[in-house]
Each structure stands twice: as C-alpha cells, then as structure tokens.
1. Counting Lys and Arg as +1 and Asp and Glu as -1, what is the net charge of the other residues whose Cβ lies under 11 Å from the Cβ of residue 185?
2. Per residue of the stretch 47-61, in order, report the coupling 6.51 cos²θ - 1.76 cosθ + 1.60 (Karplus, θ = phi - 60°) as ³J(HN,Hα) in whole Hz, putting x for Gly and Pro.
3. For a footprinting-style exposure proxy, rank 146, 32, 291 by other Cβ within 10 Å, fewest first.
4. Looking at the chain, send over the antiparallel percent of its DSSP beta bridges, to the nearest 5.
5. On a 0 to 90 degree scale, rounded to 10, what angle separates helix 32-45 from the longest Cα axis of the chain?
6. Regarding the stretch 262-359, what are the three Cα extents along the principal axes, ordered largest first, in Å?
7. Quick check of the Kirkwood formula: for the stretch 289-346, what is the inverse mean of 1/r over all pairs of different Cα atoms, in Å?
8. Any chance you could give the angle, 0 to 90 degrees and rounded to 10, that helix 64-74 forms with the longest Cα principal axis of the chain?
Amino acid sequence: MSDISKEFVSQNNTHTYPPLLERRPTFAEVDLGALNRNLRTVRKLFPHKGIIAIVKADAYGHGLISISKELENAGADYLGAGFLEEGVALREAGIKLPILVLGGVAGFQIDYFLEYDLELTASSHFIVNEIDRRARRMGRCAKVHLKIDTGLNRIGVNYRRALEFLETAAALPFIQVKGIYSHLAKANTDADFTQVQYRRLADLREPVQRIFGEKIPFHLLNSAGMLNFPKGAFEFVRPGLLLYGMRPDMSYLERAPVEPVMSLKSEVVFIKRVPPNEGISYDLTYTTDRLTTIATIPIGYGDGCLQRLSNCGKVLIGGKRYPIAGKVCMDQIMVDVSDDRVRIGEEAVVIGSQGDERITVEEICELTGALPYEVTIGITGRVPRLYLGD
C-alpha cells in the first residue's frame, strides 16, 4: 500500500468516496504502520506464543478487510472473527490465514464453514455432533475449537462437565480439534477470579493429552488478561484492544507500550461570534459567559462522536484543546474557541494527536463511562476510513 491510499473506504470496505474536497471533511485515519508496530510489541511480550488477532466487529471499527490483510502480511498466526459472515468476507477477500469464528454457530451454517475452510467454535454436545454429521455428509473434516465455560456463563460447556464433552469430540471421526479455549470474565478487575478461570482450564491439560493422544493447543488470554495475567498464556493469545493501540482503561498506559491506530478528524466549517448569556445547541445547555467565538464542525453522534461528550468533551484545533459547547448533534458539534483566531478549513481532531496534544480513546472513556470498544466500533459506516501505509 502507498504512503496514503488513493481512496477513502467505508466501514465495510465496499464503497469508495469522492476526494476530500468534494465531500464532507470528516474521516477516520487508520495508521497501518502503528498496527504493525503493535503486533511486533505483542510478539515481544509473548515471544513463543501464537497470535490469534481479533478482527471481529469490523476489526473494532477499523475496517475488517484492510486490517486483516495488513495483519496477514505482518505475520499474525490466526484471525479471530465474530460470526460466519465475517469469516466468509475474509475468505472472499483472499485471506489465507487460519480463521477461528468465535461466536456460536447454527446447524444450517455448518456447510458454509466447511466450504470456506473456517474453524468453528463447538460449544455444546449437540453442536459438535451436528458438525460431525454435516462434515461426514460433505466428505470433509471439520476444524473445531472446543469452548469451555470457566466462569463467564455465556456459551461453552461448563468446566465441570468438560471431560464428557472432550470424550464426545474425540470419538467423532469427522472432527479435527484444533484448539481448546475459554474466555475471561473479569480480566481487568479481579485477579483472583482470573486465576480461578485459568486453573479450571489448565486442569484439563492432562485429560486432553490422554483423551486425544496428542497435545492440543489451548488459549485463554485477551488483551486485559495478557497485561494482568501473562503467566496464564497457553499456546495462543488473543489480542484485540492491544493491536489497535487501546487499553482497558487509563491505568494501563505505562504497562502497554502500544500506539493508537485510529484517529477521528474533521475541520471547522462555520464560525460565529456569540454574545454573552446565549445558549448553544439543543436545549441550550451551554451558556456563553462573554462574547465568544463558536466554531461548528461537521461531525456528530451519527458518525460516532458520543453524545455523552456534550459539555465535557474536547476537540483539538491548532494544537490546542477546546471544549464542546452544548449537546452533540446528529451531524455537528459546536466548539467554544474563546477569542482565539480559528479559520474555516482548519483541522479539528476528535480522537488523535495534533501538535503536542492528544485526545485518546481512554480519555473519552474516562469522561463518558464508555468502553474502548464502544468508541471505535461506534464510528459509523458513513465515516470513510483513510488508510496510511507502514
């Protein structure tokens, strides 16, 4: 990919937009170089572990296809998708890496998993038997990861009944078990319970060797688990947030030397002087305390600028922080730039850096109570992605 791609790409990578000067100047900038460096950082932290790079939910809003191609080129071992549709899209885009689909699977979908060489999550006796039945009918061997519920109480066979489940899977001739895994419930808040979950999964190591007659890879740790409980790494780790340069919260800033991959940018399109004691935006929740300059920026909650940033969020213009004035609208925000000289056409940064200042996803989460995933996944499909090369 060139230093700057020639096209802006929508969230699902299927629609191109006209050049910047011919459309609304709001876009998400995705730094593929930072993505590469973050993957290398994860490699250094876990040098002898396979990496299942999580790309579900449109690669956390960064763009499923573009991100996955970059991760494949950069040396990820696996991709982790959320659902069948994502796995199919990756295969149709030419991705050759092994792809584990982490979500549940309906019986009628199994044929597509086999056709597209996708690895399934088997989370019950019924589904593993159904996978075997359909694989037998197609004359193919299904690649399966067995999901063990160690305490999240979502999908998966309860750890207390895991041995019977393992024996069932081992006896099925058209099932090839590629992995055994679980998911952490409180990885960034409860070290003791994380240890409990680790032990519940680790206790299956010897029975798995005995039942299958070979060593089957295990995996447990997500990004928070990798930071808080690195000794819990089995053969694979499953980074998501870390790859995209985010942490579970601000307390991890020094512990996770990764770079933000996405920035959210626009520009000033309207400026007006507003007298004192005037309200700004819907419900007039912001009142000017003097003659002030209000800049309007064409980005709103319809683009993923959280309405919870109303009257508390900041925007970077000219390397300085300015407050969002009033409620975030669907398509626009207003910013109080005081008496500073701001020009129409000046860059406005909602997430990212400008000069010596930076607004991070973690900062937005601190202000709003949102999760990091919510912030980037919430950047909607009408915001084109601009991919910067390595």
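1. Values: positive: 154, 186; negative: 149, 190.
Around residue 185, the surrounding residues sum to 0.
2. Computed from phi, the couplings for the stretch 47-61 are x, 10, 10, x, 10, 9, 7, 7, 10, 5, 6, 6, 6, 6, x Hz.
3. Values: 146 28, 32 22, 291 12.
Fewest-to-most ranking of 146, 32, 291: 291, 32, 146.
4. Working: 33 of 60 bridges.
Close to 55 percent.
5. Its long axis makes an angle of about 50 degrees.
6. So the three principal-axis extents are 37, 27, 20 Å.
7. Working: mean 1/r = 0.0872 Å⁻¹.
The answer is 11.5 Å.
8. 70 degrees
All of the numbers you see were taken from the coordinates with simple rules; none came from a lab. None of the values given here were measured: they were computed from a predicted structure. All Cβ positions, even for glycine, are placed from backbone atoms using ideal geometry, and neighbour counts span all protein chains on display.
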